[in-house]
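What follows is a set of notes on a single structure, which appears directly below.
The values are calculated or read from the model by the stated rules, or taken from the named source; none is laboratory data. None of the values given here were measured: they were computed from a predicted structure. Glycine also receives a Cβ, built like all others from the backbone with ideal geometry; neighbour counts cover every protein chain displayed.
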Amino acid sequence: MKEFFIKLGDHPIYKKLLKEPLTYVAGAVLLSVFQIAHFTVFEKGWGVTSTFAVWGTWVYNALGGDAGSWAYYASEKMQQELHTGFLADGGSIRNLGIIFGALAATLFASQFKIKKIKTLRQVVAAVLGGLLMGYGARLANGCNIGALFTAIASFSLSGWVFGAFLLVGAFIGSKLLAKYFM
C-alpha cells in the first residue's frame, strides 16, 4: 500500500492537479464557472458572510435569546433562515466546503505548518484584524465574494466601489502591519 502512495505522489497528473498551484487564469476561469453554476442552481449570488451572521444568531437563540424580532430577520425569507437546520442550510454547507477545501488543498500541496506565536502583539493584531474584517464585511453587506466578486459579475457598480476601497484598505493595512508587527 505504501508503494501505491509513493507512485501516486510521483505521477505527473497528481503533481499537476494537486501539488502545483493553479495559474491565475485557471483560478479565474474556475471561479467564474463556479459563480455561474451557483447562480444557475440557487438563483442568487454567491455569498459567505451572511451565513456567519446566521450561525451567530443560532448560537444566540440556543443560549436563550430571541432574534426573531430583529430588523435583519424581518422578511419571511430571513425568518426561514432562523429555523433551518445546519445541514439543510446551503450557506453552511458551502462555508464548510470552503474551509475543508482550503485544508485539503494545503495538505495536498504539503504546505500545512503550525507556526509558533512570537509575541502577544501578533495575537492582538490577528484578533483585532479578524474582528474588523468581519465587522466591515457585515457593514458592506458582504465580503470579497458577495460584495466584490458577485457584484461585479452581476454588472453592479457597487462591486467596483467595494473593490476600490478594498485596495485602499489593503494598502493601509499592509503599511500598518509592516510598521507595527514585523
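Here region 4-24 is the region considered, the condition is being surrounded by fewer than 11 Cβ atoms within 10 Å (Cβ to Cβ) and hydrophobic (A, V, I, L, M, F, W, C), and the residue that is nearest to LEU132 (Cα to Cα) is ILE13. The listed residues are GLY56, GLY27, GLY65, and the only one of them that is at pLDDT below 85 and within 30 Å of LEU131 (Cβ to Cβ) turns out to be GLY27.
Only a single item in (1) in a helix (DSSP H, G or I); (2) farther than 30 Å from ILE117 by Cα is not met by LEU167, and it is number (2). Under 25 Å from PHE34 (Cβ atoms), assigned to a helix (DSSP H, G or I) and modelled with pLDDT of 90 or more: is that true of LEU148 in this structure? Spelling it out, it is not the case that LEU148 is under 25 Å from PHE34 (Cβ atoms), assigned to a helix (DSSP H, G or I) and modelled with pLDDT of 90 or more.
Are any of the residues in region 105-126 under 22 Å from TYR72 (Cα atoms) and of a type outside the set (A, V, I, L, M, F, W, C)? Talk me through it step by step, then tell me what you get.
Here is the first cut: in region 105-126, the residues under 22 Å from TYR72 (Cα atoms) are none.
No: zero hits.
The listed residues are LYS116, LYS44, and the only one of them that is under 25 Å from GLY142 (Cα atoms) and among the basic types (Lys, Arg) turns out to be LYS44. For region 133-182, a tally of residues being among the aliphatic types (A, V, I, L, M), under 18 Å from the mean Cα position of the chain (by Cα) and surrounded by 13 or more Cβ atoms within 10 Å (Cβ to Cβ) returns 10.
Among the residues of region 4-24, those that are closer than 27 Å to ALA151 by Cα and modelled with pLDDT of 80 or more comprise THR23, TYR24. The set of residues from region 68-84 being outside any loop (DSSP other than H, G, I, E, B) and at pLDDT 85 or above comprises just one member, ALA71. Suppose we keep only residues that are more than 19 Å from the chain's Cα centre (by Cα) and among the hydroxyl-bearing types (Ser, Thr, Tyr) within region 103-132. Which one would you say is nearest to LEU166 (Cα to Cα)? Applying the filter and picking the extreme gives THR119. Among the residues making up region 99-117, those that are of a type in the set (A, V, I, L, M, F, W, C) and assigned to a helix (DSSP H, G or I) are ILE99, PHE100, ALA102, LEU103, ALA104, ALA105, LEU107, PHE108.
How many residues does region 1-35 hold that are part of a helix (DSSP H, G or I) and either closer than 17 Å to ILE98 by Cα or among the hydroxyl-bearing types (Ser, Thr, Tyr) (or both)?
Looking only at region 1-35, we keep the residues that are part of a helix (DSSP H, G or I), and these are 2-10, 12-19, 24-35.
Of the ones still in play, those that are also either closer than 17 Å to ILE98 by Cα or among the hydroxyl-bearing types (Ser, Thr, Tyr) (or both) are 14, 18, 24, 27-28, 30-35.
The total comes to 11.
Taking PHE100, is it modelled with pLDDT of 90 or more and surrounded by 14 or more Cβ atoms within 10 Å (Cβ to Cβ)?
Working: modelled with pLDDT of 90 or more: yes; surrounded by 14 or more Cβ atoms within 10 Å (Cβ to Cβ): no.
Against the criterion (modelled with pLDDT of 90 or more and surrounded by 14 or more Cβ atoms within 10 Å (Cβ to Cβ)), PHE100 does not qualify.
Per the listing LEU107, LEU132, the residue uniquely hydrophobic (A, V, I, L, M, F, W, C) and farther than 30 Å from ASP10 by Cα is LEU132.
Taking the criterion of being closer than 25 Å to LEU30 by Cβ and either at pLDDT 85 or above or assigned to a helix (DSSP H, G or I) (or both), the residues of region 118-142 that qualify are MET133, ALA137.
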